[in-house]
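*Asks:* Before I ask anything, here is the structure I am working with.
The values are calculated or read from the model by the stated rules, or taken from the named source; none is laboratory data. Note that this is a predicted model, so its numbers are computed, not measured. Neighbour counts are summed over all protein chains in view; Cβ atoms, including those assigned to glycine, are modelled from backbone coordinates with ideal geometry.
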Amino acid sequence: MTDLHSYEPVNGHGLKHDPFNAIIAPRPIGWISSSDAKGNVNLAPYSFFNAFNYTPPLIGFSSTTWKDTVANIQETGEFVWNLVTMELAPAMNATSATVPHEVDEFTLGNLTKLPSRLVKPPRVAESPVSFECRLSEIIQLKGADGARTEAWLTIGEVVAVHIDKRLIQDGVYQTALAHPIMRAGRRGDYFEIRPDAMFEMPRPA
């Protein structure tokens, strides 16, 4: 029989570092640009991020505190998701710093603002893929006992998509060609997605 380390989260994990977000990995990074009603821009990465639906296309991220990004989206109803690649990893990391509301994270990451087509928050010009989104809903998360947590799930509908044409071959988007990075737990672990790490496994007929 396998020797298991078992625990109940409410009682602690008994390890040097909580394994939860290392087990649920790799996770896409929600690099979210937003702006408040006055036009102040925010750019921040979120490791609790994913896609949830095809039609309409819905993506979402969870913030474990009420941060500027969530407040901005609640105020304006818009945001942009920007793909983080290996090349952009240092810039993304720079934008994760905790700074005052008036600080522009685009400047921290030495990034260029690119106007969006349908929403007011800018895109990251250096990112090869971006989704312009309109707010669907913000949900304060609850535990199994119904108690509200200090976490908010923001879901948005993708209303415009921008893809660097170099990542499209024969009409197919090449995921690994962009060399996206993903979160792998702990304080600073990441994975790089490379073409040599991909394999194909068609679904059963």
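Each row is one residue, and each column tells you yes or no for (1) among the acidic types (Asp, Glu); (2) over 20 Å from Asp68 (Cα atoms); (3) touching a Gly at 6+ places or on another chain (Cβ under 6 Å).
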| site | (1), (2), (3) |
| --- | --- |
| Arg123 | no, no, no |
| Glu126 | yes, yes, no |
| Phe131 | no, no, no |
| Lys142 | no, yes, no |
| Ala151 | no, no, no |
| Ile155 | no, no, yes |
| Asp164 | yes, yes, no |
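*Asks:* For region 123-205, list the strands (runs of 3 or more DSSP E) that sit wholly inside it and hold at least 3 residues that are closer than 23 Å to Phe52 by Cβ; which are they?
*Replies:* 129-142, 148-163, 181-183
*Asks:* Just to check your reading of the model, which residue among Glu87, Glu78 is in contact with a Leu (Cβ under 9 Å, 6 or more places away or on another chain) and at pLDDT 95 or above?
*Replies:* The conditions single out Glu78.
*Asks:* Restricting the first residue to region 95-123 and requiring it to be within 17 Å of Asn72 (Cα to Cα), which pairs with a second residue that is surrounded by fewer than 12 Cβ atoms within 10 Å (Cβ to Cβ) meet a Cβ separation below 8 Å and a spacing of at least six or different chains?
*Replies:* Pairs that qualify, where the first residue is within 17 Å of Asn72 (Cα to Cα) and the partner is surrounded by fewer than 12 Cβ atoms within 10 Å (Cβ to Cβ), are Glu105/Ala97; Lys120/Gly39; Pro122/Pro115; Arg123/Pro115.
*Asks:* So, of the residues in region 41-55 that are crowded, with 21+ Cβ neighbours inside 10 Å and among the aliphatic types (A, V, I, L, M), which turns out to be nearest to Phe106 (Cα to Cα)?
*Replies:* Going through the qualifying residues, I end up with Leu43.
*Asks:* Any residue that is outside any strand (DSSP E or B) and closer than 18 Å to Met182 by Cβ - is there at least one of those in region 32-50?
*Replies:* Yes, region 32-50 contains a residue that is outside any strand (DSSP E or B) and closer than 18 Å to Met182 by Cβ.
*Asks:* Name the residues in region 8-40 that are among the small types (Gly, Ala, Ser), surrounded by 10 or more Cβ atoms within 10 Å (Cβ to Cβ) and either farther than 26 Å from Ile155 by Cα or touching a residue at least 60 places away in the same chain (Cβ under 8 Å) (or both), would you?
*Replies:* If the condition is that a residue be among the small types (Gly, Ala, Ser), surrounded by 10 or more Cβ atoms within 10 Å (Cβ to Cβ) and either farther than 26 Å from Ile155 by Cα or touching a residue at least 60 places away in the same chain (Cβ under 8 Å) (or both), then Ala22, Ala25, Ser33, Ser34, Ser35 are the ones that fit.
*Asks:* Consider region 142-177. How many of its residues are surrounded by 13 or more Cβ atoms within 10 Å (Cβ to Cβ) and touching a residue at least 60 places away in the same chain (Cβ under 8 Å)?
*Replies:* Number satisfying all stated conditions: 8.
*Asks:* For the list (1) without any contact (Cβ under 8 Å) to a residue 24 or more places away in the chain; (2) surrounded by 15 or more Cβ atoms within 10 Å (Cβ to Cβ), I need the number of the one condition that Glu126 fails.
*Replies:* Condition (1) is where Glu126 drops out.
*Asks:* What single numbered condition from (1) free of Cβ contacts under 8 Å to residues at least 24 places away in the same chain; (2) within 19 Å of the chain's Cα centre (by Cα) fails to hold for Ala197?
*Replies:* For Ala197, the exception is condition (2).
*Asks:* Next question. Do you know which residues across region 185-195 are touching a helix residue (DSSP H, G or I) at 6+ places or on another chain (Cβ under 8 Å) and at pLDDT 90 or above?
*Replies:* Those that are touching a helix residue (DSSP H, G or I) at 6+ places or on another chain (Cβ under 8 Å) and at pLDDT 90 or above: Asp189, Tyr190, Ile193, Arg194, Pro195.
*Asks:* On to the next question. Is it true that some residue in region 6-25 is polar (S, T, N, Q), assigned to a strand (DSSP E or B) and within 17 Å of the chain's Cα centre (by Cα)?
*Replies:* no
Let's see how each residue does on (1) buried (at least 21 other Cβ atoms within 10 Å of the Cβ); (2) touching a helix residue (DSSP H, G or I) at 6+ places or on another chain (Cβ under 6 Å); (3) touching a residue at least 24 places away in the same chain (Cβ under 8 Å); (4) of a type in the set (Val, Ile, Thr):
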{"site": "Pro57", "(1), (2), (3), (4)": "no, no, yes, no"}
{"site": "Trp66", "(1), (2), (3), (4)": "no, no, yes, no"}
{"site": "Thr69", "(1), (2), (3), (4)": "yes, no, yes, yes"}
{"site": "Thr76", "(1), (2), (3), (4)": "no, no, yes, yes"}
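*Asks:* Residues of region 94-113 being surrounded by fewer than 15 Cβ atoms within 10 Å (Cβ to Cβ) and within 16 Å of the chain's Cα centre (by Cα), which ones?
*Replies:* Selection gives Ala97 alone.
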